[in-house]
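Everything below concerns the one structure shown next.
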Amino acid sequence: MDIKLSKMQLIHLGNICKKGWGGYSKPSDDLEEMVKNGLLEKTAGPFGDVVYRPTDAGRSYINALQ
């Protein structure tokens, strides 16, 4: 995979990330880029927020780095 991620993107990819909490009122460009690359999936959360979770490709990317 030829995708280059920033340190913050790698941290986000290894965890479940939410938009709408903690002062985030708009989508993160870093997270949206990973959704477009197929590394994260985006679903509606229970509180009107958006939940980002790593896809199988995202988990494989993280595992390949370890």
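The values are calculated or read from the model by the stated rules, or taken from the named source; none is laboratory data. In this text, all values refer to a predicted model and were calculated from it rather than measured experimentally. We place every Cβ from the backbone using ideal geometry, glycine too, and count neighbours over all the protein chains shown. Remember, those area values only see protein heavy atoms, side chains included, never the ligands or the DNA or RNA. Shrake-Rupley method; radii C 1.70, N 1.55, O 1.52, S 1.80 Å.
Please name all residue pairs, on different chains or six or more residues apart, with Cβ atoms under 7 Å, provided the first residue is in region 1-25 and is more than 15 Å from residue 53 (Cβ to Cβ) and at pLDDT below 70 and the second residue is open to solvent by less than 60 Å² (accessible area, probe 1.4 Å) and assigned to a helix (DSSP H, G or I).
Hits for this filter: 1/61.
State which residue is modelled with the highest pLDDT when the search covers only region 45-66 and only residues that are open to solvent by less than 90 Å² (accessible area, probe 1.4 Å) and in a strand (DSSP E or B).
Let us first name the residues in region 45-66 that are open to solvent by less than 90 Å² (accessible area, probe 1.4 Å), namely 45, 48-52, 54-55, 57-58, 60-62, 64.
Then drop every residue that is not in a strand (DSSP E or B), which leaves 50-52, 54.
Values: 50: 81, 51: 81, 52: 83, 54: 86.
The qualifying residue modelled with the highest pLDDT is 54.
Restricting attention to region 34-44, report how many residues are at pLDDT 90 or above and over 8 Å from the mean Cα position of the chain (by Cα).
Number of matching residues: 3.
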